[in-house]
Structures are given as C-alpha cells and as structure tokens.
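See below for the structure under consideration.
The values are calculated or read from the model by the stated rules, or taken from the named source; none is laboratory data. No experiment lies behind these values; they were computed from the predicted model shown. FYI the Cβ positions are ideal-geometry reconstructions off the backbone, even for glycines, and counts take in every protein chain you see.
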Amino acid sequence: MLVEKMEKKAEGRRIKRACNRKDPKEKGICEYCGSSFWGYKTKRRKYCSLECYRKNLVGKAAKGKRKPMFGKESPSWKGGVTHKDGYRFIMNREHPYSGSHGYVREHRLVMEKHIGRYLNPTEIVHHENKIKDDNRIENLKLFKTRGDHVRYHSKNKQ
C-alpha cells in the first residue's frame, strides 16, 4: 500500500511537469504597438517584445517606484554645471565632443566661442594662471598638440 501511494505521487509529479513543459500557447495583442504575438497561457504577456515593454515604460512610474528623472526634472539638478578635478563642466549634449553624460569642459567651450569653431580632441587649452576654473579668455591659451603644450611648460621651467 505504501509503495502504491509513492507510485501515484511520482506519477502525478510526472504529469504536472509534463504539463508545465507543454503549456499551450495563446494569441495576444501588444498593448504598445498593437501587433499580435503568441505567448504561453500561464504567463500573461502584455507586450510583443522587450523593446515595446521598455518604450511603454518611458515617462511612467513603475509600481511602487518613482519616475526616473533626468535633467531639469530631477530634484538634484544644479543648472547643468558640475565640477571635477578643479574643472567646470557644462551640460551640452549636442556638442560633438561631449562625454558620455553630455558634459563638456567650460574652458574648451569658451575657446571654441572665441575662435568660432569646434576644437579638435588633440588641441589643448592651457590656463595661464594655473587656476583650472578661471575660464576668462585672457587666461586661456590654445596649443595644437599635447607636445606643444609640454614644450611650453619645459621652456618656462628654465
């Protein structure tokens, strides 16, 4: 009798596992783009792809979470200006040489405005008085290459 009970339990487990593996699929309609897709009945999918799911989340708060805020919407927004290693960085996402977060060093922007073109990545802007956040045009000097900048410093040491 004990053996029969154990066999029935084992058989029941096999049936359940088999059913879980072969869940029938059903047709659904994506809530974002409206296209139809096939999904398992056990998992109620609302979107046809991860891309549609992510597009639908933009600008919406997830359940129990705050809406992600960037730029001016963020409570920690400081006007698009930040400081790092003594330099001032200005938010300018359209600049061709902005960093991954959209910031550009202010002294480079000042020099670009003065000469009327974008600086090449190889060009160096030097601060004459060695104060990194003093970005007046009178205090800035442009070098074509890093080598020119190094030669300038080595000449001034002697």
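Key figures
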| item | result |
| --- | --- |
| Residue satisfying condition, being surrounded by fewer than 15 Cβ atoms within 10 Å (Cβ to Cβ) and assigned to a loop (DSSP other than H, G, I, E, B), within set K113, K155, K130 | K130 |
| Filter result for E128 (acidic (D, E), farther than 29 Å from G71 by Cα and in contact with a helix residue (DSSP H, G or I) (Cβ under 7 Å, 6 or more places away or on another chain)) | yes |
| Residue list for segment 143-158, filter: out of contact with any helix residue (DSSP H, G or I) (no Cβ under 6 Å at 6 or more places or on another chain) and not polar (S, T, N, Q) | K144, R146, G147, D148, H149, V150, R151, Y152, H153, K155, K157 |
| Within segment 31-45, considering residues that are modelled with pLDDT under 75 and assigned to a loop (DSSP other than H, G, I, E, B), the one nearest to L57 (Cα to Cα) | R44 |
| Selected residue (criterion: surrounded by the fewest Cβ atoms within 10 Å (Cβ to Cβ)) from residues of segment 69-102 that are hydrophobic (A, V, I, L, M, F, W, C) and assigned to a loop (DSSP other than H, G, I, E, B) | F70 |
